[in-house]
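Data block below; observations after.
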């Protein structure tokens with residue numbers, strides 16, 4: 001556990017690094033171009049560089065990991081999609097918003113508040129060109145056919161995704177990427193398993209969706225029925241996003257090379273529906289999911305090649321990660337918390353058949369509070385400034401905002417990235433530098449919290465809190481009511497120490513209470529207001 005003095009020293013270090021000191025350090029080289037690539041549902045064990053037992057060839061991502069800094073203890077703020085995207089772009093936890101659990105659908109109103117700074121708006125003020133290409137899934141303001149604005153997040157009861165038949169697609173779309181700092185946007189509203197199935201360019205649908213597509217519950221092709229634009233096909237989305245991204249990079253590097261850019265690329269893959277292009281079918285040797293991962297890897301290769309061909313590779317900071325853990329994971333039943341009720345999903349059976357585990361040795365899947373839900377691949381490459389290395393320092397995607405701010409030499413204001421801690425020092429010395437983040441905060445799709453400090457991880461309830469059965473376990477008399485693991489000795493979270501470590505449980509209970517009460521974690525730690533709850537136990 002961290003002592004008060006250690007935490008105070010780290011907090012002061014963060015404060016100083018975000019002030020005057022870094023400006024001088026950044027002045028000796030042009031500000032870098034910045035690309036953030038967010039894969040969708042890519043697991044910790046999908047990449048060969050993270051999992052020697054992976055059955056999927058990922059040469060481009062593995063090469064990036066070999067040339068850059070590979071983080072082994074990186075986490076999303078949530079174990080599902082929408083909330084992680086919010087935290088990444090704003091540096092603020094999603095549970096401070098109206099979204100306390102689950103995800104938005106394709107017609108939900110904007111989640112990012114109109115006055116909330118984002119990485120894009122922050123960098124735009126700093127002179128960057130900004131663009132978003134890909135899957136948004138953070139809400140947009142649609143207009144209904146009766147002229148009123150769509151103000152509901154999900155269908156009645158929040159149990160399903162809407163078809164979109166009630167929307168007027170000729171009206172401008174407000175509150176999307178171009179409203180929160182991006183100069184341009186090309187992509188889709190949300191995941192490819194929910195309507196609307198159409199392209200969006202800036203704030204308009206170039207081809208208005210006028211057709212209806214039936215839903216499908218096939219293991220690979222699962223999606224909700226709803227509106228679709230003529231000519232829009234799910235298998236074309238990743239190739240088109242790749243082509244648009246390469247074109248955008250090429251045009252910028254050839255016509256505006258003196259202006260730095262920020263490109264946010266949230267991919268649709270390898271999320272459901274699993275739809276690899278025809279040329280990639282069979283390439284992995286481990287089925288369609290493996291093939292879709294191979295195509296995802298090829299997209300990374302195309303981006304790197306575009307940077308290389310046009311002289312942008314050296315001074316471009318590229319961050320590659322995932323929005324949560326993988327879905328295609330076969331947990332071992334002998335290690336289940338409630339073995340009598342363990343039921344492998346069809347996807348788990350698929351992975352058992354092929355011998356591939358999307359989350360490696362981690363427990364659980366996407367949506368869970370266990371490590372498989374939120375520990376993700378996280379690779380950073382910037383040849384001009386950082387050398388290759390492996391970083392064990394714990395970080396969150398929430399920390400990308402503060403890190404970018406420190407790198408470009410612009411101090412954060414009180415309203416910027418309130419829960420974000422810079423890991424720039426780790427990039428400079430990956431094997432040596434400690435994280436400026438004193439502890440990690442996790443959140444599952446059901447709104448279950450977890451706190452991690454040092455090697456200890458605590459959750460206040462039993463069960464996965466997500467997709468893995470049982471999601472919630474009601475403790476019987478004398479049983480543990482929560483979970484406590486020592487990850488340094490139990491990486492797969494198989495030994496619950498909740499009952500044997502009452503002092504640590506009490507410590508974490510107090511810490512989590514402080515976190516929930518906080519409004520801006522980074523600022524309150526700097527002001528020492530949270531330190532009393534973090535005394536060493």
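The values are calculated or read from the model by the stated rules, or taken from the named source; none is laboratory data. Remember, predicted model here, so these are calculated numbers, not experimental data. Backbone-built Cβ (ideal geometry, glycine too); neighbour counts: all protein chains shown.
Return yes or no: is residue 207 within 18 Å of residue 41 (Cα to Cα) and either crowded, with 23+ Cβ neighbours inside 10 Å or assigned by TED's automatic domain parsing to the domain that holds residue 123 (or both)?
no
Which one of these is free of Cβ contacts under 8 Å to residues at least 40 places away in the same chain and within 23 Å of the chain's Cα centre (by Cα): 243, 204?
Testing whether each residue is free of Cβ contacts under 8 Å to residues at least 40 places away in the same chain and within 23 Å of the chain's Cα centre (by Cα) leaves just 243.
Residue 451 - would you say it is assigned to a strand (DSSP E or B) and either in the same structural domain as residue 502 (by TED's automatic domain parsing) or at positive phi (or both)?
Yes: the conditions hold for residue 451.
Taking segment 480-505 on its own, how many of its residues are touching a residue at least 12 places away in the same chain (Cβ under 8 Å) and part of a loop (DSSP other than H, G, I, E, B)?
Residues flagged as touching a residue at least 12 places away in the same chain (Cβ under 8 Å) and part of a loop (DSSP other than H, G, I, E, B) within segment 480-505 amount to 15.
In the list 447, 454, 466, which residue meets the criterion of being more than 30 Å from residue 386 (Cα to Cα) and either surrounded by fewer than 23 Cβ atoms within 10 Å (Cβ to Cβ) or touching a strand residue (DSSP E or B) at 6+ places or on another chain (Cβ under 7 Å) (or both)?
Exactly one of 447, 454, 466 is more than 30 Å from residue 386 (Cα to Cα) and either surrounded by fewer than 23 Cβ atoms within 10 Å (Cβ to Cβ) or touching a strand residue (DSSP E or B) at 6+ places or on another chain (Cβ under 7 Å) (or both), namely 447.
Applying the selection to segment 424-439, what residues are in contact with a strand residue (DSSP E or B) (Cβ under 6 Å, 6 or more places away or on another chain) and surrounded by fewer than 22 Cβ atoms within 10 Å (Cβ to Cβ)?
Within segment 424-439, just 431 meets the criteria.
Kindly establish whether residue 142 is over 26 Å from residue 250 (Cα atoms) and touching a strand residue (DSSP E or B) at 6+ places or on another chain (Cβ under 8 Å).
yes
Among the residues that make up segment 280-290, is at least one of them under 28 Å from residue 87 (Cβ atoms) and either touching a strand residue (DSSP E or B) at 6+ places or on another chain (Cβ under 9 Å) or assigned by TED's automatic domain parsing to the domain that holds residue 68 (or both)?
Scanning segment 280-290, I find at least one residue that is under 28 Å from residue 87 (Cβ atoms) and either touching a strand residue (DSSP E or B) at 6+ places or on another chain (Cβ under 9 Å) or assigned by TED's automatic domain parsing to the domain that holds residue 68 (or both), so the answer is yes.
I need a count of the residues in segment 476-496 that are out of contact with any helix residue (DSSP H, G or I) (no Cβ under 8 Å at 6 or more places or on another chain) and buried (at least 19 other Cβ atoms within 10 Å of the Cβ).
Residues in segment 476-496 being out of contact with any helix residue (DSSP H, G or I) (no Cβ under 8 Å at 6 or more places or on another chain) and buried (at least 19 other Cβ atoms within 10 Å of the Cβ): 2 in total.
For the list (1) buried (at least 17 other Cβ atoms within 10 Å of the Cβ); (2) touching a helix residue (DSSP H, G or I) at 6+ places or on another chain (Cβ under 7 Å); (3) farther than 27 Å from residue 118 by Cβ, I need the number of the one condition that residue 281 fails.
For residue 281, the failing item is (1).
Looking at 130, 90, 114, 84, which one is under 29 Å from residue 252 (Cα atoms) and surrounded by fewer than 20 Cβ atoms within 10 Å (Cβ to Cβ)?
After applying the criteria, what remains is 114.
Can you say whether residue 139 is assigned by TED's automatic domain parsing to the domain that holds residue 214 and under 29 Å from residue 296 (Cα atoms), as far as the supplied structure shows?
yes
Go through segment 303-323 and report how many residues are crowded, with 17+ Cβ neighbours inside 10 Å and assigned to a helix (DSSP H, G or I).
4
Which residues, taken from segment 284-302, are on the phi < 0 side of the Ramachandran plot, in contact (Cβ under 8 Å) with a residue 60 or more places away in the chain and out of contact with any helix residue (DSSP H, G or I) (no Cβ under 6 Å at 6 or more places or on another chain)?
Within segment 284-302, 288, 289, 290, 293, 296, 298 meet the criteria.
Any residue at all in segment 82-97 that is under 21 Å from residue 418 (Cβ atoms), without any contact (Cβ under 8 Å) to a residue 40 or more places away in the chain and assigned by TED's automatic domain parsing to the domain that holds residue 413?
Within segment 82-97, one or more residues are under 21 Å from residue 418 (Cβ atoms), without any contact (Cβ under 8 Å) to a residue 40 or more places away in the chain and assigned by TED's automatic domain parsing to the domain that holds residue 413.
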